[in-house]
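Taking it in order: structure first as structure tokens, then the write-up.
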Amino acid sequence: MGKTALTVLSASYLHYVKGYNVAVIDCDYPQHSIAEMRERDVEQVKNDLHYKQLAYFQFKSLQKKAYQVEESNAADAVRVANRLQAENDLDFIFFDLPGTLNTKGVITTLAMLDYVFIPVSADRVVLESSLQFATIIRDNLITTGKSNIKDMRLIWNMVDGRERTELYNAYDGAIQELGLQTMQTVIPDTKRFRREMNELHRAVFRSTLFPVDKTLVKNSNISELADEICIIAKK
Ligand SMILES: Nc1ncnc2c1ncn2[C@@H]1O[C@H](COP(=O)(O)OP(=O)(O)OP(=O)(O)O)[C@@H](O)[C@H]1O
Ligand SMILES: [Mg+2]
């Protein structure tokens, strides 16, 4: 859980704070949650003077546009990515893919990616299915050499600080035994994830037009996540 949220948070941080050129391919058919989020964000900025000014100053100082969010189905995602890459000089293209391998096109598209990041949470049933997903990718695509994948990482998400040590140590042991790798950065369970632009004008956490607000980034580990993604992807 957290594929869509972590895609947006990482993409926004890398594009608006770190200065990389990013694009997002939203393959979350039929919801297209990120494309929908972008539409909502654009409407909000258009209709709200406060956010309009924020956007004006941000884009003026960045001297570039918001990152592109393209809708696609899983099967056509790489074609869409190639088109975007030909039109722009992109450092990162994020694919928000369905979490099931039986969706048409997911396996062939996964095989074309450079890196695969899989958010996991400490719910036994959810974790089991995520580990199974990761193991299938490893055994069928990575170790067979039938893919472009250079690295695959699990990301602990929705980590409850109080539960951290024991439970997570046990799970980490099991993950290691399976030969899978986790990222060092863990993402805490926090109400901030619900914080989008609203009429109260409080600091924004999750947006496709702004990075996580400076006052909220501390302890969210989003900047650490973005930095670790850069290290893994050698950017
Ligand atoms: N670390 C977190 N703390 C609090 N809430 C979170 C966290 N990560 C995700 N969420 C929330 O959990 C919900 C599910 O997350 P998200 O939509 O990113 O998952 P997903 O993997 O994309 O799901 P789906 O399989 O439906 O596409 C969202 O409401 C999101 O805001
Ligand atoms: Mg999603």
Degrees between helix 3-12 axis and first principal axis of the chain (Cα, 0 to 90, nearest 10): 50 degrees
Square roots of five times the Cα gyration tensor eigenvalues for the chain, Å: 29, 22, 15
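Quick one: putting +1 on the C-beta of Lys and Arg, -1 on the C-beta of Asp and Glu, what dipole do you get for the chain around its Cα centre, in Debye to the nearest 20?
Numbers: 29 positive and 31 negative charges, 119 e Å.
The dipole of the chain has a size of about 560 debye.
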With R₀ set to 22 angstrom, the calculated FRET efficiency between the beta-carbons of Arg162 and Glu224, to the nearest 0.05, is 0.60
Which log10 I(q)/I(0) values, to two decimals, does region 132-235 give at q = 0.23 Å⁻¹ under the Debye formula with one point per Cα? -1.23
Between region 209-230 and region 167-205, the alpha-carbon center distance in angstrom: 12 Å
Under 27 Å from Lys60, Cα to Cα: lysines that are on another chain or at least 8 residues apart: Lys18, Lys46, Lys52, Lys214, Lys218, Lys235
Give, as ranges by residue number, the residues of region 129-155 whose backbone N falls under 14 Å from the point 7 Å along Cα→Cβ of Gln176. none
Between the Cα axis of helix 49-62 and the main Cα principal axis of the chain, the angle (0 to 90°, nearest 10) is 70 degrees
Between helix 124-137 and the chain: long-axis angle, C-alpha atoms, 0 to 90°, nearest 10: 80 degrees
With labels modelled as points extended 7 Å from the Cα through the Cβ direction, what inter-label distance (nm, one decimal) is found for Thr215 paired with Met112? 4.3 nm
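Over the chain, with the other protein chains present, what is the accessible area per residue in square angstrom, probe 1.4 angstrom? If you can, show how the numbers build up before the last one.
On the way: 12650 Å² over 235 residues.
Value returned for the chain: 54 Å² of accessible area per residue.
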At a 1.4 Å probe, what is the % contribution of carbon and sulfur to the accessible area of the chain? 51 percent
Using 0.36 nm times the number of residues separating Asp139 and Lys64, minus their current alpha carbon distance, what extension gain do you get? 22.9 nm
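The values are calculated or read from the model by the stated rules, or taken from the named source; none is laboratory data. None of the values given here were measured: they were computed from a predicted structure. We place every Cβ from the backbone using ideal geometry, glycine too, and count neighbours over all the protein chains shown. Areas reflect the complete protein model, heavy atoms only, side chains present, ligands, DNA and RNA absent. Shrake-Rupley method; radii C 1.70, N 1.55, O 1.52, S 1.80 Å.
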